[in-house]
1. Of everything in the range 203-218, what is under 18 Å from the mean Cα position of the chain (by Cα) and of a type in the set (A, V, I, L, M)? Give them in sequence order.
2. Scan the range 206-231 residue by residue and report those that are more than 14 Å from I87 (Cα to Cα) and in contact (Cβ under 8 Å) with a residue 40 or more places away in the chain.
3. Of everything in the range 245-259, what is assigned to a helix (DSSP H, G or I) and farther than 19 Å from Y82 by Cα? Give them in sequence order.
4. Kindly list, by first and then second residue, each pair from a residue in the range 61-89 that is within 15 Å of A208 (Cα to Cα) to a residue that is exposed (fewer than 14 other Cβ atoms within 10 Å of the Cβ), limited to pairs with Cβ atoms under 6 Å and residues at least 6 apart or on different chains.
5. For F281, state whether it is closer than 16 Å to M90 by Cα and of a type in the set (F, W, Y).
6. Would you be able to say whether some residue in the range 140-149 is in contact with a Cys (Cβ under 8 Å, 6 or more places away or on another chain), at pLDDT 90 or above and of a type in the set (G, A, S)?
7. Is there a residue being crowded, with 16+ Cβ neighbours inside 10 Å, within 16 Å of the chain's Cα centre (by Cα) and at pLDDT 90 or above anywhere in the range 150-168?
8. Conditions: (1) under 30 Å from R241 (Cα atoms); (2) at pLDDT below 80. A8 meets all but one. Number of the miss?
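The values are calculated or read from the model by the stated rules, or taken from the named source; none is laboratory data. On a predicted model such as this, the values are computed, not experimentally measured, just so you know. Positions of Cβ are backbone-derived with ideal geometry, glycine not excepted, and every protein chain shown enters the neighbour counts.
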Amino acid sequence: MTAQTAPAPPAPGQLIAWEPLPPRPGVAWRYLRESALLTGRGLRTIRRVPARLSDVTLQPIVFTLLFLYVFGSAVHIPGMRYQDYLIPGMIAQTVAFGVIGSGVATATDFRAGVTDRFTSLPVTRLAVITAQLAGQMIEQLIGMVVVAGLGLALGWRPHLSPAGGAALAGIVVLGLLAFTTVGVLLGMTLGSADAVQGIGFAVVFPLAFLGGTFVPIAGMSLVPREIGDYNPLSAIVAAIRHLTQGTTTTGSWPLEHPVPAAVIYCAAITAACLPLAVRKFGKA
């Protein structure tokens, strides 16, 4: 067995042949990998702080029971039961409340220095935003499952065809993306979870009432009716109700054509807020 000797050190001025480094992953692959890793990081915190899910589990249950048994005894919807009217509206309201959940989570990350840590790492900025959006959308989907399951238990009977189910899934995803993006931008702008909660409830809750979630828009007085006719949430509520119950709504163009109107509203909100959120994160 021959003894192995260490290679001799290079002579002064001698060039060293370095081994080539492995190729760096492409931008698209890096973006997907970093988005998946950061989304997993956000979801893993739920195990340590399970109270985070209270706003998408306990809160929808309380709202559904409260409005069903309070408004259900006083509101008469021609041609349909109040369960079939309310539950699609509650699902749409869960979409809108993504503003508060994502805004609070984003503001908490800013306040805790998590965002500063990300900006110091070679991480794609858009991947950080995507992970925040994906994590919050998953949490809101849990809330929708809770609302739908409770609604079925309370007598809600949707009528969905395969095409209608696919359209419903598309509307829900687009709505979640739009309102969650607004929440992320709001959280970055305010930087305080308390401020996001206060402003979020002050804006989203009135929009939910004016969106035909609990009572028909046609029965409102002039000013609330005009707001409800062109409220983005009104189109989402009407679209979900149309796809699950087959109802039609009269009034403004968005209410008479709720599915395309909901798509247009959601696409416009996302297109306006996502670049602002990325730019805001870059300045953090």
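1. V203, V204, L207, A208
2. Of everything in the range 206-231, just one residue is more than 14 Å from I87 (Cα to Cα) and in contact (Cβ under 8 Å) with a residue 40 or more places away in the chain, namely L207.
3. Passing the criteria: W253, P254, L255, E256, P258, V259.
4. none
5. No; evaluated as a whole, the condition is false for this residue.
6. For the range 140-149, residues in contact with a Cys (Cβ under 8 Å, 6 or more places away or on another chain), at pLDDT 90 or above and of a type in the set (G, A, S): absent.
7. For the range 150-168, residues crowded, with 16+ Cβ neighbours inside 10 Å, within 16 Å of the chain's Cα centre (by Cα) and at pLDDT 90 or above: present.
8. (1)
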